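Below: one structure, written as structure tokens.
The values are calculated or read from the model by the stated rules, or taken from the named source; none is laboratory data. Owing to the predicted nature of the structure, the values given are computational and were not obtained by experimental measurement. Methodologically, a virtual Cβ is constructed for each residue, glycine included, from the backbone with ideal geometry; neighbour enumeration extends over all protein chains shown. Areas reflect the complete protein model, heavy atoms only, side chains present, ligands, DNA and RNA absent. Shrake-Rupley method; radii C 1.70, N 1.55, O 1.52, S 1.80 Å.
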Amino acid sequence: MTDAALTSAAVAPPVETPFRRFASDFFANKVAAVALVIIVILALLAIFAPWVTPQNPYDLTQISIFDNMLKPGAKSMEGKTFWLGTDEQGRDMFSAMIYGLRMSLFVSAVATSIAVLVGVSLGVTAAYFGGRVDSIIMRIVDLQLSFPAILIALILLAALGKGVDKVILALMLVQWAYYARTVRGNALVERRREYIEAAQCLALPRYRIIFRHLLPNCLPPLIVIATVQVAHAISLEATLSFLGVGVPITEPSLGLLISNGYKYILSGKYWVSVFPGLMLLLTILSINLVGDHLRDLLNPRLKA
Amino acid sequence: MLAYILRRAGQSVFVVLTMAALVFVSVFAIGNPIDILLAPDADQIEREAAIVRLGLDKPMWEQFGVFLWNMLHGDLGRSFVHGSDAVHLILGRLPATLELAIVALVMAALIGVPLGIVAGLNSDSWIGRSVMTGSIIGFSLPNFWFGIMMILFFAVELQWLPSGGRGPTGTLFGLEFSLLNPAGWPNLVMPAMTLAIYKVSLVIRLAYAGTREAMLQDYVRFARAKGLSRSRIVGVHVLKNILIPIVTVLGLELGSMIAFAVVTETVFAWPGMGKLLIDSIARLDRPVIVAYLMIVVGMFALINLIVDILYSVLDPRVRITETAG
Amino acid sequence: MTATLEVAGLSTHFFTRAGVVKAVDGVSFSVQRGQVLGLVGESGSGKTVTGLSIMGLVDRPGRIVSGSIKLAGQELVGLSEKGWRTIRGRKIAMIFQDPMMTLNPVLRIDTQMIETVLAHADVSKDSARERCRQALSRVGIPSPDERLTAYPHQFSGGMRQRVAIAIALLHDPELIIADEPTTALDVTIQAQIIAQVQKLAAETGTAIVWVTHDLAVVSGLSDRLAVMYAGRIIEEGPTAEVLTQPHHPYTAGLLHSLPINNPRGQPLNQIPGSTPSLLRLPPGCPFGPRCTRKQHDCTQAMPPETQGANGVRLRCYHPVAREGAMA
């Protein structure tokens, strides 16, 4: 989307659109701009993992158990170099990390998308209908938010068992309440504004008022919270996988890779847990830096 | 004041009852509680004894009553693995977890408040910027990985600190505490630091924002006009104002510390109730899981209640509006 | 006799990213012992920054770029922070606009008063408390012993401002800067506070700089009046002189717009236009664009300061003639 903005700016005389001003404000902060570039690179690496990794770490024909626990920079039986070393099954750490990243990002992105949908729907419903519907939904939100996410996720996974689908469900369940609360709060404020009244006077259909008028105005805080929550989700997924209640061993995420490496820490074989952890940190940090900057930009109270 | 405490206590009871109902529904109503609460190798006599004890032959609402009644008597079943009473098992591990959480909480305040104030006073200079960047890194660090890296660095490479376990403890009121035995302190350092790191970042942010806001207030200007020293203005006028939200948040975070101790205890083999929970999940020891959940829910409700009462004591304005309203 | 306060050529500028804001630009005035100077101007005219400059309380990005501030002959500009601390609260005290905001909401009154005593006097805590008690009763607060242990929110606005005044008086300062201390109060309370301050100043010989936008408040209070516009004093003189025979068109306009000078039932008179941005001052006289008497020379350069009759100082090329003053 930035590319589009840049090319159109080159062709047409620069017009001050809200989006373009926002983009230029955003890129004025070098740290946030670098963080965004890193996120894009990481996402591309994850999406195109099969094409960018030297081997498919889960194709047993491509790995050799004789290459296990090799130090970074060591050569394989066939003379290939493992720049980041290998794990206990002789998998190339770099390839395993990219595939792990793919898993981590996939799980978090899917869970967050569903949570946004659910949370926004319930939040708007609560705000628009008010009364009993509102108080029931908000009671559930309050109840859930009074308990830490990790506790809720742990209990859920303890009851349901492991699995990618179950992790997604757990990550979704611990997130939706944040969106519901934010959207409801904003919608309640927006609902009292004149433009909603005007739309109602025009007898516009309800769904149109909600989707064309109410929701777009709730968007800025939603974007900030969703950014922060994606980072949380990635971190939580890694934690759950580390604790052994997350994704199955056959499809390891970054968290599970670290967990595997944890066994070898005391013998000084650092690379199996250090490198996936660095990648995890880089991912979460970049998202948080972008989120932090977005919050500064989108919060009108701070802007003044 | 009393009316306020009573009303808040009523809310807490409501939260515990709701969570008890949720646990009851998921364990007793949906699944077969005999399968969940008894070991798979239980014989017919044990099964029938359990059916009578849990009142499974009675109607649903009565069963919920029996569940609550048993819960009030501290009976949430027996551990399959340990064979002992689940509640006692968890309460036995509670001091280790509480100690870890409280030490981490104090660490978070002692590290975070000064750093946040310094950053808030120097928000334009490199000092403020580096502290705030550091706090974002602290927010982003995956907790368990940070713990592993501490082990790698301080235990494996430098060999300064033990890699795990609780170490020697001292005894008070029949409970064991690492703090009471200096020989046990090295074991406490890394787990507490790991647990604290996220909260340190949180406290830095709160103290930073609070300091910046307070420094712009007229009362700070007035304090300067009175000729007070900078240390007095920051140490009394600003600190007292920013401490109220920080204490509130930290108090509320004690609950999440206890929950997050699950991770720290697993990394450092710290024998607390979080480690017990993970072990129990791995071995499908369901009574312990149920007992852990109910105990933690109860603790949460209690902590929130205490924090709210403390808050009203700390901030005179809250007290007034409450008695007036 | 040296004046209590002598400000000469004071310039305080703010170096913002958008440019240099000359909030105070070459301001001179003096206040004698026991006298009250009314410093009048609209918001943004630089009157508050003048007050803060005298207290040494101008923060970055602002700073005093030139000029001198002398307190009983002692130069204050260029003092170290430590040097300023011995002045503030002891020799110069300040009272702020909003009594709701100036007292720290989470500290008891006695804490906030005793710390002020102890900041400048080496006395025991008990005698400091006694001094605070006396100060409270001096400003007319009943049962000061009880009130000392109260929190600010337990006081009314007027009472809070009395407490602030009591704190200002703790060390019998030579000068008090009062920055719109009555603006946030009810009219009846305003009158009480003004009477109180007047009485106390007369008793102790304290000089007062009373910063306000309200001509009515200072008319009965001040000995001299200084009118500020866009960071400069454009007219200064004895209160009676300035009020009855304003020379500067801006002063005349201000007086003209007072409700009391308007015929009943007519729309209020007003000065057309609004205060200029200090970032983009017009060339010449800053009041020029709004002035009905503007001529070509007004747009060329800032009018120099001229000494008029009856001790009035003026910055205007085309002052209002005598007879036109109240028209």
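Taking only protein heavy atoms and a 1.4 Å probe, what accessible area per residue, in Å², does region B:86-324 have with all protein chains in place? Intermediate results must be reported in sequence, preceding the final value.
Values: 9280 Å² over 239 residues.
With all protein chains present, region B:86-324 gives 39 Å² per residue.
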Checklist line | C:MET159 accessible area, assembled protein chains, probe 1.4 Å, Å² | finding: 50
Check: At q = 0.13 Å⁻¹, what log₁₀ I(q)/I(0) does a Debye calculation on the Cα points of region A:23-135 give, no solvent, two decimals?
Finding: -0.70
Margin query: I need the per residue convex hull volume for region A:166-221, using only the alpha carbons, in cubic angstrom as a whole number.
Written below: 81
Notebook entry, point to check: For chain C, modelled as a Gaussian network with Cα springs under 10 Å, which listed residue fluctuates most, C:LEU268, C:LEU52, C:LEU243?
Noted result: C:LEU268
Note to self: Whole-Hz ³J(HN,Hα) for each residue in region A:118-130, computed from phi via Karplus 6.51 cos²θ - 1.76 cosθ + 1.60 with θ = phi - 60°, x for glycine and proline: what do you get?
What the structure shows: 5, x, 5, 4, 5, x, 5, 4, 4, 5, 6, 8, x
Checklist line | When region B:185-325 is reduced to its Cα atoms, the Kirkwood hydrodynamic radius in Å | finding: 18.0
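Hey, what's region C:99-210 come to in accessible area per residue, 1.4 Å probe, Å²?
Details: 4240 Å² over 112 residues.
Per residue, region C:99-210 has 38 Å² of solvent-accessible surface.
Please work out the ratio of the alpha-carbon Rg of the protein assembly as shown to 2.2 N^0.38 Å and round it to two decimals. Intermediate values should be presented prior to the final figure.
Working: Rg = 35.1 Å, N = 956, 2.2 N^0.38 = 29.9 Å.
So the protein assembly as shown has a normalised radius of gyration of 1.18.
Just to be sure I understand the rule: take each whole DSSP H helix in chain B, project its Cα atoms onto its long axis, keep it if the span is 27 Å or more and its mean Kyte-Doolittle hydropathy is at least -1.0. Which ones pass? Walk me through the numbers on the way to the answer.
Numbers: long enough: B:2-24 (33 Å, 1.54); B:86-121 (51 Å, 1.97); B:185-215 (40 Å, 0.72); B:239-268 (38 Å, 1.65); B:286-314 (41 Å, 2.07).
Going by DSSP H runs, the hits are B:2-24, B:86-121, B:185-215, B:239-268, B:286-314.
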Notebook entry, point to check: If you project the alpha carbons of region C:71-116 onto their three principal axes, what span does each projection cover, largest first, in Å?
Noted result: 36, 21, 16
Check: Once amide H atoms are built 1.01 Å from N in the peptide plane, which residues 5 or more positions from C:ALA93, or in another chain, come under 5 Å H to H?
Finding: C:LEU175, C:ILE176, C:ILE177
Notebook entry, point to check: Based on the alpha-carbon gyration tensor of region C:1-105 and its eigenvalue square roots a ≥ b ≥ c, which shape applies: rounded if a/c is under 1.5, prolate if not and a/b is larger than b/c, or oblate?
Noted result: rounded
Notebook entry, point to check: Which shape class applies to region C:179-219: rounded if a/c is under 1.5, otherwise prolate when a/b exceeds b/c and oblate if not, where a ≥ b ≥ c are the square roots of the Cα gyration tensor eigenvalues?
Noted result: oblate
Check: With solvent modelled as a 1.4 Å probe, how much accessible area in total do chains A and B shield from it at their shared surface, in Å² to the nearest 100?
Finding: 3100
Note to self: Under 5 Å between amide hydrogens, which residues at least 5 positions from C:LYS294 or on another chain qualify, with H placed 1.01 Å from N in the peptide plane?
What the structure shows: none
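What part of the accessible area of region B:224-296, given as a whole %, is carbon or sulfur when the probe is 1.4 angstrom? Don't skip to the answer; put the middle values down first.
Numbers: 1330 of 2020 Å².
Using a 1.4 Å probe with all protein chains present, region B:224-296 comes out at 66 percent carbon and sulfur.
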Next item on the list: Report, largest value first, the span of the C-alpha coordinates of region C:124-237 along each principal axis, in whole Å.
Entry: 49, 28, 23
Margin query: Given a 1.4 angstrom probe, I'd like the percentage of the accessible area of chain C that is carbon and sulfur, rounded to a whole number.
Written below: 51
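How much of the DSSP bridge set in the protein assembly as shown is antiparallel, in percent, rounded to the nearest 5? Mind showing how you got there, number by number?
Details: 37 of 56 bridges.
In the protein assembly as shown, DSSP labels about 65 percent of beta bridges as antiparallel.
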Margin query: When the expected Rg is taken as 2.2 N^0.38 Å, what fraction or multiple of it is the alpha-carbon Rg of chain A?
Written below: 1.19
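Expressed in whole Å with the largest first, what are the equivalent ellipsoid semi-axes of region A:126-279 derived from the C-alpha gyration tensor as the square root of 5 times each eigenvalue?
Square roots of five times the eigenvalues give 42, 16, 12 Å.
Length gain on complete extension for the stretch C:LYS199 to C:ASP214, per 0.36 nm per residue less the alpha carbon to alpha carbon distance? Don't skip to the answer; put the middle values down first.
On the way: separation 15, 0.36 × 15 = 5.40 nm, distance 2.05 nm.
Stretched out fully, the C:LYS199 to C:ASP214 stretch lengthens by 3.4 nm.
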Check: Build a GNM of chain A with springs between Cα atoms under 10 Å: which of A:SER64, A:SER104, A:SER241 gets the top mean-square fluctuation?
Finding: A:SER64
Notebook entry, point to check: Just going by the charge dipole of the protein assembly as shown, with Lys and Arg at +1 and Asp and Glu at -1 on Cβ, which of A:ASN68, C:GLY9, A:ILE114 is farthest out on the positive end?
Noted result: C:GLY9
Check: Which residues' amide hydrogens lie under 5 Å from the amide hydrogen of C:LEU225, considering only partners 5 or more residues apart or on another chain, with H built in the peptide plane?
Finding: C:GLY38, C:GLY237, C:THR239
Check: Gaussian network model of chain A, Cα springs within a sub-10 Å range: biggest mean-square fluctuation belongs to which of A:LYS162, A:LYS80, A:LYS71?
Finding: A:LYS80
Item checked: Over region B:129-202, equivalent-ellipsoid semi-axes from the Cα gyration tensor in Å -> 27, 16, 9
Note to self: Can you tell me what percent of all Cα-Cα pairs in chain C are more than 25 Å apart?
What the structure shows: 53
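Which semi-axis lengths, in whole Å and largest first, follow from the square roots of five times the eigenvalues of the Cα gyration tensor of chain B? Mind dumping the intermediate values first?
Numbers: eigenvalues 368, 150, 47 Å².
Computed over chain B, the values are 43, 27, 15 Å.
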